[in-house]
Amino acid sequence: MANIIDGKKISADIRGEIAAEVAEMKNNGTTPGLAVIIVGENPASKVYVRNKGKGCAEVGMYSEIIEMAEETSEKTLIAKINELNERSDIHGILVQLPLPKHINERAVIEAIDPKKDVDAFAPVNIGEMMLGTADFLPCTPAGIMELLKRSGVSVEGKDCVVIGRSNIVGKPIAQLLLAANGTVTICHSRTRDLAEVTRRADILVVAIGKADFVTGDMVKDGVVVIDVGMNRKADGKLTGDVDYASVAPKASYITPVPGGVGPMTITMLLRNTLTAAKKQSK
Ligand code: GUN
């Protein structure tokens, strides 16, 4: 039976480490500060944003949640970002996605000073990640690498299979696994004979947003499974992209949903904010 990778526990450990560093920075006169902008009334986004604020408070950081109306123009939003770019008490800026349709996401992300882009979504920071010279990494992929590391799973030489090719998870996690010397295959909706590919995986990362999509017959014995999915079932329960009941018995390590990857995303955001504050206070 698989070792369960406890994202809550690992996340709490890292938040403790971050809190200690924040306390030390505060003693030296700097409180790391994060601004989170939310535009409109998306209920899921509101929950995420509230949790980001709570995360900051937990580690002793300053946070500011800026709520803007659905009708806010792109120009007004970018003006707000420019104002935050100039503030020395704000070290990280995050604009919660998705944005209302009349706003160009790319233009908004590019308006954030790359030094304050703690989501690491800006083209410059994605480029730095590709080159292996990034100050901060996108939060969910960084969280996955930390889960593997702290569980004692080595990536070196392993066959790593990623299902999903989003800019936020699939593409960057493939890059980080490659940088850790994995042999990486990226699968997606057009992949032929997906199960034939996934059965070769030593490490399988699933980020496609389809409930219980990966089943036991699609993995080999001993596989390490990272489930990035967060799907709401008809009964209201949260479920991953992996059919836990059939996959866990074959896995050596597996992340549960909830309590696996989920808690790590905000933790990595806090770490990026700390890193940004350190760089800017030098
Ligand atoms: N929407 C869903 N996930 C994220 C994230 O990690 N960052 C931002 N800014 N928006 C999101």
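The values are calculated or read from the model by the stated rules, or taken from the named source; none is laboratory data. Just so it is clear, the structure is predicted and the values come from calculations on it, not from any experiment. We place every Cβ from the backbone using ideal geometry, glycine too, and count neighbours over all the protein chains shown.
Brief remarks follow.
- Just one of the listed residues (Val228, Val206) is within 15 Å of the ligand (Cβ to nearest atom), closer than 19 Å to Ala2 by Cα and among the β-branched types (Val, Ile, Thr), and it is Val228.
- Condition check for Ser45: small (Gly, Ala, Ser), within 15 Å of the ligand (Cβ to nearest atom), closer than 29 Å to Arg232 by Cβ and in contact with a helix residue (DSSP H, G or I) (Cβ under 8 Å, 6 or more places away or on another chain): no
- Residues located in segment 117-146, provided they are more than 15 Å from the ligand (Cβ to nearest atom), without any contact (Cβ under 8 Å) to a residue 40 or more places away in the chain and under 20 Å from Ala35 (Cβ atoms): Val124
- Of all residues in segment 147-175, those satisfying the criterion of being part of a loop (DSSP other than H, G, I, E, B), free of Cβ contacts under 8 Å to residues at least 40 places away in the same chain and touching a helix residue (DSSP H, G or I) at 6+ places or on another chain (Cβ under 9 Å) are Ser154, Arg165.
Yes or no, residue by residue, for (1) closer than 25 Å to Cys56 by Cβ; (2) buried (at least 17 other Cβ atoms within 10 Å of the Cβ):
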{"residue": "Gly92", "(1), (2)": "yes, yes"}
{"residue": "Asn104", "(1), (2)": "no, no"}
{"residue": "Gly132", "(1), (2)": "no, no"}
{"residue": "Gly152", "(1), (2)": "no, no"}
{"residue": "Ala174", "(1), (2)": "no, yes"}
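- Subset of segment 177-236 (residues that are among the hydroxyl-bearing types (Ser, Thr, Tyr), free of Cβ contacts under 8 Å to residues at least 24 places away in the same chain and in contact with a strand residue (DSSP E or B) (Cβ under 6 Å, 6 or more places away or on another chain)): none
- Contact map, segment 96-114: first residue touching a residue at least 40 places away in the same chain (Cβ under 8 Å) and closer than 13 Å to Ile81 by Cβ, second residue more than 14 Å from the ligand (Cβ to nearest atom) and among the acidic types (Asp, Glu), Cβ cut-off under 6 Å, separation 6 or more or different chains; pairs are Ile103/Glu74.
- Condition check for Ser166: at pLDDT 95 or above, more than 21 Å from Ile109 (Cα to Cα) and surrounded by fewer than 17 Cβ atoms within 10 Å (Cβ to Cβ): no
- Pairs linking a residue in segment 24-41 that is surrounded by 21 or more Cβ atoms within 10 Å (Cβ to Cβ) to a residue that is of a type in the set (A, V, I, L, M, F, W, C) and assigned to a loop (DSSP other than H, G, I, E, B), with Cβ atoms under 6 Å and 6 or more positions apart or on different chains, are Pro32/Met61; Gly33/Ile90; Ala35/Ile90; Val39/Leu99.
- Exactly one residue among Gly152, Gly92 is in contact with a Lys or Arg (Cβ under 9 Å, 6 or more places away or on another chain), more than 17 Å from Ile173 (Cα to Cα) and either more than 11 Å from the ligand (Cβ to nearest atom) or at pLDDT 95 or above (or both), and that residue is Gly92.
- Close pairs from segment 59-71: first closer than 21 Å to Leu99 by Cα, partner modelled with pLDDT of 95 or more and of a type in the set (Gly, Ala, Ser), Cβ under 6 Å, at least 6 apart: Ser63/Gly53; Glu64/Ala35; Ile65/Gly53; Glu70/Gly40
- Scanning segment 96-107 for residues that are in contact with a strand residue (DSSP E or B) (Cβ under 8 Å, 6 or more places away or on another chain) and either more than 10 Å from the ligand (Cβ to nearest atom) or on the phi > 0 side of the Ramachandran plot (or both) gives Pro100, Ile103.
- Cβ-Cβ under 8 Å pairs, at least 6 apart or on other chains, segment 75-90 side within 16 Å of Ala277 (Cβ to Cβ), far side among the acidic types (Asp, Glu) and surrounded by 15 or more Cβ atoms within 10 Å (Cβ to Cβ): Asn85/Asp113; Ile90/Glu64
- Test: residue in segment 42-61 that is on the phi < 0 side of the Ramachandran plot, surrounded by 15 or more Cβ atoms within 10 Å (Cβ to Cβ) and of a type in the set (Ser, Thr, Tyr): yes
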